[in-house]
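Before any comments, here is the structure.
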Amino acid sequence: MPAKSHLPICTRTLTVVLALTLSALFLPAVAFAAEGAISGTVTSHRTKAGIEFSEVCAEPEFAGTEECAITNEDGEYTISRLAPGKYAVNFTGVGCFFGVFCDEDTYFGETTTGVTVSAKTITEGVDAELKEKDGEISGKVTAGGAPLAHVEACTEDACASSGANGEYTIEGVAPGKNTVSFSIESECNLICTRRGNYLTSFYSGQLSAETATEVNVASEAITTGINEEMRAGGEISGKVSTASVSPQAVGGFKVCAITTATDKEGTREDEDEECALTNASGEYTIFALGAHAYEVRFTGVICVEEAKGKDKCTQPYVSQYYPGIVAVTPPGVVAGIDASVLEVTSAKPASTAAPALTGTTTVGSVLSCAQGTWSNNPASFAYRWLRGGSAIAGQTTSTYTVQSGDPGSAIACEVTATNAAGSTGATSNTLQIPKPKPATGVAVLVKLKLKGSTVSITLRCTGAGACTGALKLLGRIVAHKHASDTAIASTASFTIEAGHSLTLRVHLSSKGRKLLAHAGKKGLSVQIAGTGVKAQKSTLR
């Protein structure tokens, strides 16, 4: 590109130099004694070399006169005769030869603010690294073969938007290899959304900068034909309504799809997001989404237009996330991502009906805890299970499996409701987990022996548990057809361990002795009866 003359800048430079020279002739020496200076180096962003003949000016942030200097062959400068105070240092990117001939502005200018100058002091290290802008890239953006407007084509240094014919030209591109990205522009009305459902891409036709084809730009030249065909993005849609007995659609509600990443320390960071507002029916569609797994956030924010050109966004609802990751594959649509939202309240939740505990009270059975009903719109619920009033470690869900250590204890659940104002807990009814009945056995007759008027009865305990009970002997004369059973001995109680035997000795009553004598050699038919013993018959002789 041919050099151009910047006479206004050079004229100002000469005027400043002349003014300083003349003023130095008339000002007393004491005036300069309180002055300070600023120094630094101006370098090229691309080559890191110093920029010669670059103009640097110190402008007082309050009242005062701007002072300037020109960099030397190493890019160094010093601006002297500065009154103490704060300055903005402007690096114009203009190179002036000997303060007379000024080249075309080939660098991006920049400004450093808040530079402090003190009396008799040089404030050093006020440097700048200026980016070159001496190349151009041009091309055409299409979608489905048709020109596409409002696409922003960008390099690291500069951007340009495509017009109605799809064409664009990026000026001020640094020479060398450049990555060119293409993104549909955003349109801001209440919130900022994409102008169309197109994915950000990189030349040529790539979805990441790492796989992009780099564009080589020559100094003072235009690189043409950098064309791009845009691809349709994916969509997420759903509906937002109030969490109430009679749900109402919520219009103007902001919903965002967010991609996330985790850094080396394991910290979660939001990478990018696309948002949309619900219509009057509570419906929304977020578009221009790439192939990612998204978290969908229902922000709680409502945006309305109060007057022409004047918008207002408030947060009357509690923010929440969709319970699950939403995977999008362009150009597909993931529908049904709905939400029931709670209004923000200044009062903590209050229990209006206690949590209800239900289930079977046997070991291994599952108990369920209903959260109960609450006022003041809780945003979340937490659960805690109690055994005899004390928390059971690790049990924090809405269900609980009865454990082997629970029999004999009362089980309950505690629900804590939380909103922006605080938390409140409520405890359910209790369920008593019964102790199992101990296993019992049955005593059976092993031997029956008579000696005098004493009857020895040997029993053995069979079964899984101990045998406990009481027995009695009933006698009947065998020869008498119509004789009835008659108690012939005192009742005897017993307790026998499982698998063990025990001999009981009971004395015949006078009735028993008479029946035995009357029975003679045939013997007396007797029956063992009672509790905890198997009823059996035998003959007593």
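The values are calculated or read from the model by the stated rules, or taken from the named source; none is laboratory data. Only a predicted model underlies this, so the values are computations on that prediction, with no experimental measurement involved. Here the Cβ positions follow ideal geometry from the backbone for every residue, glycine too, while neighbour counts run over all protein chains shown. Only protein heavy atoms, including side chains, enter the accessible area calculation; ligands, DNA and RNA are left aside. Shrake-Rupley method; radii C 1.70, N 1.55, O 1.52, S 1.80 Å.
Couple of notes before you dig in:
- Sulfur and carbon atoms: percent of accessible area, the chain [1.4 Å]: 52 percent
- Close amide H partners of residue 204, meaning residues 5 or more places away or on another chain with modelled amide H under 5 Å apart, are 213.
- Working note: 222 nm ellipticity from helices only, DSSP H runs with n ≥ 4, each -39,500 (n - 2.57), summed and divided by the residues of the chain, gives -2000 deg cm²/dmol to the nearest 500.
- Solution diffusion estimate, µm²/s, Stokes-Einstein, segment 480-541, Kirkwood Rh from C-alpha pairs, 4 °C, viscosity 1.567 mPa s: 98 µm²/s
- Highest-first arrangement of 51-60, 357-366, 201-210, where packing means the average Cβ count within 10 Å: 51-60, 201-210, 357-366
- Translational diffusion of segment 312-450, estimated by Stokes-Einstein from the Kirkwood radius over alpha carbon pairs at 4 °C in a medium of 1.567 mPa s, is 69 µm² per second.
- Over 28 Å apart at the Cα level, from the set 472/522; 437/534; 140/254; 514/534; 140/239, are 140/254; 140/239.
- With respect to the chain, whose longest principal axis is taken over its alpha-carbon atoms, helix 7-26 is tilted by about 80°.
- Built amide H within the under 5 Å cut-off of residue 504, gap 5+: 457, 458, 459
- Segment 152-296: mean projected area of Cα convex hull, nm²: 11.7 nm²
- Largest first, the extents of the alpha carbon coordinates of segment 80-209 on the three principal axes equal 67, 40, 26 Å.
- Estimated inter-spin distance, residue 486 and residue 65, nm [label 7 Å along Cα→Cβ]: 14.8 nm
- Its alpha carbons give segment 252-383 an Rg and a Dmax of 19.4, 67 Å.
- Counting only Cβ charges, +1 for Lys and Arg and -1 for Asp and Glu, the dipole size of the chain around its Cα centre is about 10100 debye.
- Charge tally in the Cβ shell below 13 Å around residue 152, where Lys, Arg are +1 and Asp, Glu are -1, residue 152 excluded: -1
- log10 of Debye I(q)/I(0), alpha-carbon scatterers only, for segment 183-246 at 0.14, 0.20, 0.21 Å⁻¹: -0.65, -0.95, -0.99
- Interchain or long-range residues, amide H under 5 Å from residue 106's placed H: 95
- Among (i) 2.00; (ii) 1.12; (iii) 0.97, the entry that matches Cα Rg over 2.2 N^0.38 Å as calculated here: (i)
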